[in-house]
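Notes follow once the structure below has been shown.
Computed from the coordinates by the stated procedures, all read-outs in this text should not be read as laboratory data. Note that the structure is predicted; figures quoted are calculated from it, not measured. Reconstructed Cβ throughout: ideal geometry from the backbone, glycine too, with neighbour counts over all protein chains shown.
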Amino acid sequence: MTTKPPADCGSLDEIRAGMDEVDRQIVAMIAKRVEYVREAAKFKTSIENVAAPERVEAVLKTRRAWAEAAGLDGEAIERLYRDLVAYSISEEHKRWHEMNAGR
């Protein structure tokens, strides 16, 4: 579906269609991100290395800065990323256990 740019929308339905399309793309990108996260498990030598707290903090700081540079509320975006990173870590834990079962 091709949606109009926000400024060209002539109705609330067109605005909502555009938002739905953007959300569909966001979900697809999150799925792609999670694929990378799951594959990262193969490079971790122990389950303790999965969480990587220093990396988490660096990611949050960077995403906050990107959000602010885009004119968004950095704190709000950081909260979103905290949830996304927590989910990602849980997925990487699962993958790590799958790959290391029986060792």
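Can you sort Tyr36, Tyr87, Tyr81 by how many other beta carbons sit within 10 Å, fewest first? It would help to have the intermediate numbers written out before the result.
On the way: Tyr36 10, Tyr87 14, Tyr81 20.
Listing Tyr36, Tyr87, Tyr81 from fewest to most nearby Cβ atoms yields Tyr36, Tyr87, Tyr81.
Of the candidates Ser90, Ser46, Ser11, which one comes out as most mobile in a Gaussian network treatment of the chain with C-alpha springs shorter than 10 Å?
Ranking Ser90, Ser46, Ser11 by mean-square fluctuation puts Ser11 first.
What lysines sit close enough to Lys61 to cross-link, taking a C-alpha to C-alpha distance under 28 Å and skipping anything fewer than 8 places away on the same chain?
Cα-Cα hits under 28 Å: Lys32, Lys42, Lys44, Lys94.
Could you tell me which of rounded, prolate or oblate describes the chain, using a ≥ b ≥ c as the square roots of the eigenvalues of the alpha-carbon gyration tensor, with rounded for a/c under 1.5 and, failing that, prolate when a/b is larger than b/c and oblate otherwise?
Taking the square roots of the gyration eigenvalues as a ≥ b ≥ c, the chain is oblate.
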